[in-house]
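Each value in this text was obtained by applying a stated rule to the coordinates, not by laboratory testing. Predicted, not measured: the structure shown is a model, and the values here were computed from it. All Cβ positions, even for glycine, are placed from backbone atoms using ideal geometry, and neighbour counts span all protein chains on display.
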Amino acid sequence: MEIKVVRKVLSVNERMAEQNRRLFFEKGVYVINIMSSPGSGKTALLEKTLSRIAADIPTAVIVGDICTTNDADRLALSGVPVLQINTDAFGGECHLAAHVIEKAVDELNLSGIRLLFIENVGNLVCPAEFDLGEDRRVVVMSTTEGEDKPVKYPLMFRTCHAAVINKSDLLPYLDYDLQQAKTNILTVHPEMPIFTVSAKTGEGMEAWLDWIKNRVREKSSGVK
Amino acid sequence: MYVKTLGCLGSSAPRCSAMHEMGIAMEILSIASASIPETLKGAKVHSIRLKIGKLTALVPESLRFCFDIVSQDTPLAGARLLIEEIPLVMRCDQCHNEWTLEGPSFSCPACESGRLTLLSGRDLDIESIEIEEEDNCSRMEGKA
């Protein structure tokens, strides 16, 4: 006997993400979900970004890891509110889900905050599947990884709105084909803005920071 | 310095391996369990029909493996996951061409535009559950 169900498996997450999105909208907070494989420099990129942006735009960070508060400790030196989520307590999950963000937002005082970064768990597969209620998704890759990451993980690169290629300072020492990496990103997502930066030296950060500032400005003025 | 940690809040989720298929298997279990009509509670579920799009980060074998673990000791233990793979179909916003993607290249093969609309391929849906007939019949007879 067949019983019709017809339901989205992730409908609970999607509902929760919509709730988060409404809350962020009401509070006027622009939310950027940053994803990458482990070690591509999400935390370093955020450190540099916060040092350049937090004085002008009140910013907060939620950072997800399976274990440790190492990343939060680093980011907190910037002086902005940082909340570390250890997914160990949520079943050791390899990604952040919308209900975890809802709890985190409860803990984090968002009043006066205009920009919220969510540093997702380092992983190019699972986080792509989970909407958190963010405004924009950014994928970070780095010059020490394969140029073919975008075509190996198309869902991640397809669902993101911008890509950052980090560690440009290492290009002279590597065989990394930057043009090929960009071509691969554009194969999966033809109109994706790409920012080539070095979070270490600060090279290329201006364009990335402008992109963020423009997005935040658009949201505050009601244009999305 | 302002660091808060979240992780000791606890959660209803049992500890499981670090793959998202486990969480998805748990969602499938909960949706399928809730779909069994009151009159058939305790009946054996033979299979669960799923639609999974090509552009999802799901490995069917991992999903089956996880589902077998989370469904243990529930009425859904032993239920098979019948997975229908949904092709990734795009439409070009420029020339309205529609085609099925086989690889990760997201440009229109006709006009090379990158402005596309996804028509299918992100699906992750439970379509139906199949409850074993024999049990139902004997149940009905027993009631009659």
Worksheet item: Given H placed 1.01 Å from N in the peptide plane, which residues other than close sequence neighbours of residue B:120 have an amide H under 5 Å from its amide H?
Response: B:89
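Take every DSSP beta bridge with both residues inside the protein assembly as shown and express the antiparallel ones as a percent of the total, to the nearest 5.
Details: 20 of 59 bridges.
Of those bridges, close to 35 percent are antiparallel.
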Response to the item:
Once phi for every residue in the stretch A:148-155 is put through the Karplus expression 6.51 cos²θ - 1.76 cosθ + 1.60 (θ = phi - 60°), the whole-Hz ³J(HN,Hα) values, with Gly and Pro written as x, are 8, 3, x, 7, 7, 10, x, 4
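What shape does the stretch A:101-194 take by its C-alpha gyration tensor, where a ≥ b ≥ c are the square roots of the eigenvalues and a/c under 1.5 counts as rounded, a/b above b/c as prolate, and the rest as oblate?
Numbers: a/c = 2.41, a/b = 1.87, b/c = 1.29.
Prolate.
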Response to the item:
Which residues qualify? For residue A:31, with a placed amide H closer than 5 Å and at least 5 residues away or on another chain, they are A:116, A:135, A:136
Response to the item:
Long-range amide H partners of residue A:130, meaning residues 5 or more apart or on another chain whose placed amide H is closer than 5 Å, are none
Item to complete: Using Cα positions and a limit of under 18 Å, work out the aspartates and glutamates in reach of residue A:149, with same-chain residues fewer than 8 apart set aside.
Response: A:129, A:175, A:177, A:191, B:102
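Would you mind ranking A:1, B:19, A:35, A:192 so that the residue whose beta carbon has the fewest other beta carbons within 10 Å leads the list? Mind showing how you got there, number by number?
On the way: A:1 14, B:19 21, A:35 28, A:192 18.
Ascending number of Cβ neighbours within 10 Å: A:1, A:192, B:19, A:35.
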Worksheet entry | Pairwise label distance in nanometres, residue B:127 with residue B:102, each label 7 Å out on the Cα-Cβ vector | 2.4 nm
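For the pairs A:103/A:200; A:167/B:51; A:182/A:213; A:103/A:182; A:48/A:182, note any where the Cα-Cα span goes beyond 30 Å. Don't jump to the answer; show the numbers that get you there.
Working: A:103/A:200 32 Å; A:167/B:51 40 Å; A:182/A:213 23 Å; A:103/A:182 37 Å; A:48/A:182 23 Å.
Those over the limit are A:103/A:200; A:167/B:51; A:103/A:182.
Using a 10 Å cut-off around each Cβ, can you sort B:113, A:168 from fewest to most neighbouring Cβ atoms? Write down the numbers at each step before the final one.
On the way: B:113 15, A:168 20.
Going from least to most buried by this count: B:113, A:168.
Report the calculated FRET efficiency for residue A:152 and residue B:113 (r = Cβ-Cβ distance, R0 = 30 Å), to the nearest 0.05. Walk me through the numbers before you get to the answer.
Details: r = 24 Å, r/R0 = 0.81.
The formula returns an efficiency of 0.80 here.
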